[in-house]
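The structure under discussion appears below in the form of structure tokens.
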């Protein structure tokens with residue numbers, strides 16, 4: 001009986017077989033691939049169960065998206081407040097700079 005050590009072709013076949021198993025395990029466990037349309041890991045008992053599972057997945061995703069949007073809204077509100085304060089301060093500084101420019105022009109014209 002030939003072993004993989006005595007027959008390199010058998011070793012190559014065993015290697016390819018184990019690579020195929022590892023590749024399938026990677027596909028089965030990868031969340032991005034596992035959730036792709038057209039790739040079914042476990043057959044649902046009925047179409048209704050598949051629809052329910054997909055709707056649950058969509059609801060979870062939408063709930064996460066809602067949370068992210070609310071967080072973004074809070075951030076934007078805080079940034080708007082900061083921008084308003086900065087705008088008010090720059091207006092005051094702008095008036096002071098104009099006043100100083102007028103004063104300097106008066107001094108230089110004398």
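Of the residues 56, 52, only one is surrounded by 10 or more Cβ atoms within 10 Å (Cβ to Cβ), part of a helix (DSSP H, G or I) and either modelled with pLDDT of 95 or more or more than 30 Å from the chain's Cα centre (by Cα) (or both); which? Outline the logic, then answer.
Working: 52 fails: either modelled with pLDDT of 95 or more or more than 30 Å from the chain's Cα centre (by Cα) (or both).
Answer to the check: 56.
Can you confirm whether the range 7-30 contains a residue that is at negative phi, outside any helix (DSSP H, G or I), exposed (fewer than 10 other Cβ atoms within 10 Å of the Cβ) and modelled with pLDDT under 95?
Just the residues of the range 7-30 that are at negative phi, to begin with: 7-30.
Those left that are additionally outside any helix (DSSP H, G or I): 7, 30.
Going one step further and asking which of them are exposed (fewer than 10 other Cβ atoms within 10 Å of the Cβ), we end up with none.
No, that holds for no residue.
The values are calculated or read from the model by the stated rules, or taken from the named source; none is laboratory data. The shown structure was predicted, so the numbers you read here are calculated from the model rather than taken from an experiment. Methodologically, a virtual Cβ is constructed for each residue, glycine included, from the backbone with ideal geometry; neighbour enumeration extends over all protein chains shown.
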